[in-house]
Amino acid sequence: MSEAVRTTCAYCGVGCGIRATVTGERKVTIEGDPDHPANRGRLCSKGTHLGETVGLEGRLLTPMIGKKRTNWDRALDLVAKRFKETIARHGPNSVAFYVSGQLLTEDYYVANKLMKGFIGTANIDTNSRLCMSSAVAGHTRAFGEDIVPATYNDLDAADLIILVGSNTAWCHPIIYQRIRARCEAGAKLVVIDPRRTETAEEADIHLAIRPGGDVALMNGLLQYCREAGAVDDDYLAAHVAVPENFWDELGEGNDLWSVARACDVPVADLRRFYELFAATPRTVTMFSQGINQSTSGTDQVNAILNLHLATGRIGKPGAAPFSITGQPNAMGGREVGGLASTLAAHMDFAPENRDRVQRFWAAPAMAEKPGLKAVDLFRAVGEGRIKALWVMATNPAVSMPDAGRVREALAACPFVVVSDVIENTDTGAFAHVRLPAAAWGEKDGTVTNSDRTISRQRALFAMPGEAMPDWWIVKEVARRMGWKTAFSYDRPADIWREHCRLSTYDNDGARLFALPGAAQGGNAAYDDMKPFRWGGDQTFADGRFSTIDGRARLVPVAQKPLPEPLVKWPLTLNTGRYRDQWHTMTRTGLAPKLARHREEPLVEVHPDDAARLGLVGGGLARVETPQGESVYRIVVSEGQRPGELFVPIHWTDRTSSGGRTGLLPRPLVDPVSGQPGFKRTPAAIAPVATRWRGFLLLANELDERPACLWATRVAVPAGVLWELAGNGDLKCIEALLPRGERIEAQDIARGTRRVAVVTGGRLAGALFVTESGELPPRDWLIAQLSAPDVAPTLLAGRAPGVAADRGPIICVCFDIGLKTIAAAIRDQQLADVAAIGGAIGAGTNCGSCRPALARILAEETSDAA
Ligand code: SF4
């Protein structure tokens, strides 16, 4: 066994440190790094199961031109030639890169430099545009620079933590555990979210706000603070520029009752929140996608920043606004300048910045102005204005809003390059050239997390097949385009040092983003780099901001009118994430345990809407928007607001027949940041009747999705599970079973058919279908895929004499289902989450399921009462 390597988690912006010990060929054990400041040894379920995702299944391992394998020279020559030809014929604005928060900072730096300094356009945008660009725009408007002024340490010092538009318990679980610890020490938690999520359930106050009402809520709070004497006039006088008429305009229509009505929340709850805020100086307001992913995202961010600036709650321990990022290196991309709206190293396109960066890079063709942001970029592809596109480490055919249009654009684009880890992605299907990139576990470089901590990501394995790091791929294309000297990097450390030098170049302190000293070390220093935070632990403690006059800005923002429901689209569709999945499941989809929490894409609907529209829990429903339609399994949930639907973003065309959410949102964006408004799409829903439903369990992957109305796939131990429903003949589904000895049972009265296929004494596949009867729970059958012998009760779907339904898996670390937990609470009279852990182990490893345990405990306790 080799020594543990200190590296960083591949998933979210918490940026947890990992100790990874390679134990064999593509095998690694994962544990939290106790010395990393972001997580202090803890990992959530996704990080804990990273070791299950490092296999080579589905990897792209050779460069491909069309459907043919090729070598690197031919592939790189072709990419360089086509980009050069396109630029020569149509100008630099006819090409674009669409990159990703999955790239390391070094990858980002090289791609940004090539596009903005050498090709001469700023048409490089990133999927981080979809995640946090409104926060970037809001910070820049208020502080003069894109600075996140908080750190995780502020959570430990806060007396009030407000989570706005953030299901932190699911999406940033390690931060959430830190918040819980602080709340257990006495801090109060307020959650502002239209949905009663697991995060909201544990809050002291939950405001189930009408979607889009955030500016009204925050402006009302600021007005309340002013009237309650909680505005810090001294701080404003010394450090903040307040536009004329700011307070007069703010005061209009912001009384408690008007705000409660606009936001559709009880006045009493709103008053409690306002009083709590006004009385609690140490406040951290944390926000994420619920704020950013809006057509008013930047205004919503500034409404929060206004509040903190006006009350002087910034630059002090436990007092700051805190934007948390979704992706592992969204922040590194921001530092590099890898958004179309920024130039480089926290500089914009002002003439002096262009001149400075041109000198530093010795650039022949500097971009003159911001480039196309993601939605506009793909629109330009569709309109034929972009004729050569390079997509790196992301899957826009699934993840962009109105993804159907994005597919049409990709299909029509004369030249598409995709560099990716995965062989078959929805976007890769449109590529003329595919380039095999290094994956987590092979990459070497740096990432920056949500609290500005830069950490090393270190390689654990040799590069498989012909895979190469993204920075190498980009610099090889740049060299072939004629810029050999400017792209003569041999290793990531070379790029890192240049990135650090640019951050301090001609920087007299005007730009807070600076990495002084970091450029001095040699390769060994880079290899040994410990996590460190730039910008200081208490940013803006001196009250000086990155504006010309050093003052922050209060930005006047007004609540936009919220639209009334439309006749054809009477509901509002919200999209988001599941606790144990990540983006389009290309990586988490490889970890069978992570699929057990949610095995299918569900549409959550309020009971009143369900009753009115004939929707039954467990049935199927078609969600329709003006952009497209998808089918989901129905969950009736009191946690939804009436009139609103929620669906997950994770399933793609390759893993479902109808649950592809990217088809549904509108391509409408925030006018300042260009971030799409994923959270509020007019929609309709209707039940879908099918003649039969069932599931197909297979030891081996299928080449294609089963041809029926509903088919969704997840990985399970030793195989895959497809949930199915349809109206047609079963013959084509049954034909998907492997060859082997068949065992069959049929009940014509119920329309039930069960088939198992055994090869070499082991279960190779099973199809269970019914028209009107019950289907067995999947757990025991899934376990049979790994069993050495076939059980005689295989077609019963359970072990002899055992009813093995554990219910949906809640604790993925110890594989414990809801029914097991509920039984333990009842039988052993367990009184709290710790007692559940003591009795059956649930929640004692990563802790991601603790909010769910608390909810089950509350339900069981109230049932018993
Ligand atoms: Fe990874 Fe979970 Fe930490 Fe996010 S919270 S970085 S997913 S371990």
Inset, instruction - Going by C-beta contacts inside 10 Å, put Leu155, Leu222 in order with the fewest on the left. - result: Leu155, Leu222
Legend entry - Calculated from backbone phi, Karplus (6.51, -1.76, 1.60) coupling profile of the stretch 178-183 in Hz, x at Gly/Pro: 5, 5, 4, 4, 5, 5
Inset, instruction - Return a whole-number percent for the relative contact order of the chain, with Cα pairs under 8 Å and 6 or more residues apart as the contact set. - result: 15 percent
Legend entry - Residue (of Trp257, Ala787, Gly536) at the positive-pole extreme of the chain, dipole from beta-carbon charges: Ala787
Inset, instruction - Starting with the highest mean, order 698-704, 646-652 by the number of other Cβ atoms within 10 Å, averaged over the residues of each peptide. - result: 646-652, 698-704
Legend entry - Cβ crowding within 10 Å averaged over residues, with 615-627, 463-475 ranked highest first: 463-475, 615-627
Inset, instruction - Return the long-range amide H neighbours of Thr446 (sequence gap of 5 or more, or a different chain), with a cut-off of under 5 Å between placed amide H atoms. - result: Thr105, Glu106, Gln457
Legend entry - ³J(HN,Hα) computed for each position of the stretch 385-401 - Karplus, 6.51 cos²θ - 1.76 cosθ + 1.60, integer Hz, glycine/proline x: 7, 9, 10, 9, 10, 10, 9, 10, 6, 7, 10, x, 5, 10, 8, 6, x
Legend entry - Prolate/oblate/rounded label for the chain (Cα gyration tensor, a/c 1.5): oblate
Inset, instruction - Mind listing the long-range amide H neighbours of Gly441? Cut-off is under 5 Å, sequence gap 5 or more, other chains count too, H placed in the peptide plane at 1.01 Å from N. - result: Leu460
Inset, instruction - Search the structure for amide H atoms under 5 Å from the amide H of Trp390, placed 1.01 Å from N in the peptide plane, and list their residues when 5 or more places away or on another chain. - result: Ala96, Phe97, Tyr98, Val417
Legend entry - Centre separation in Å (Cα based) which lies between the stretch 15-43 and the stretch 494-511: 30 Å
Inset, instruction - Order by neighbour count: Trp257, Trp780, fewest other Cβ atoms within 10 Å first, most last. - result: Trp257, Trp780
Legend entry - Filter on Lys369/Lys484; Lys116/Lys475; Lys68/Lys443; Lys81/Lys387; Lys369/Lys475; Lys46/Lys530 - keep pairs with C-alpha separation over 18 Å: Lys369/Lys484; Lys68/Lys443; Lys369/Lys475; Lys46/Lys530
Legend entry - Anchor Lys188: lysines whose Cα lies under 21 Å away (excluding residues fewer than 8 positions away in-chain): Lys316
Inset, instruction - Compare the peptides 84-91, 665-672, 331-338 by average per-residue count of other Cβ atoms within 10 angstrom and give them in order, highest first. - result: 331-338, 665-672, 84-91
Legend entry - Estimated vicinal HN-Hα couplings, Hz - the stretch 771-776 in sequence order (Karplus 6.51, -1.76, 1.60; Gly, Pro = x): 9, 9, x, 8, 9, x
Legend entry - Within the chain: Cβ-based charge dipole about Cα centre, in debye rounded to nearest 20 (Lys, Arg +1; Asp, Glu -1): 2060 debye
Legend entry - Dipole axis of the chain (+1 Lys, Arg; -1 Asp, Glu on Cβ), positive-most option in Val79, Gly138, Ala519: Val79
Inset, instruction - Select from Thr655, Val636, Gly694 the residue farthest towards the positive end of the dipole of the stretch 616-712; place +1 on Cβ of Lys and Arg, -1 on Cβ of Asp and Glu, and compute about the Cα centre. - result: Val636
Inset, instruction - Output the relative contact order of the stretch 594-644, whole-number percent, from Cα pairs under 8 angstrom with separation of 6+ residues. - result: 46 percent
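Using helices alone, I'd like the mean residue ellipticity at 222 nm for the chain: each DSSP H run of four-plus residues gives -39500 (n - 2.57), total over residue count, nearest 500.
Result for the chain, helices only: -8500 deg cm²/dmol.
Readers should treat all values here as calculations from the given coordinates under stated rules, not as data from a laboratory. If you're wondering where the values come from, they're calculated on a predicted model, not measured in any experiment. FYI the Cβ positions are ideal-geometry reconstructions off the backbone, even for glycines, and counts take in every protein chain you see.
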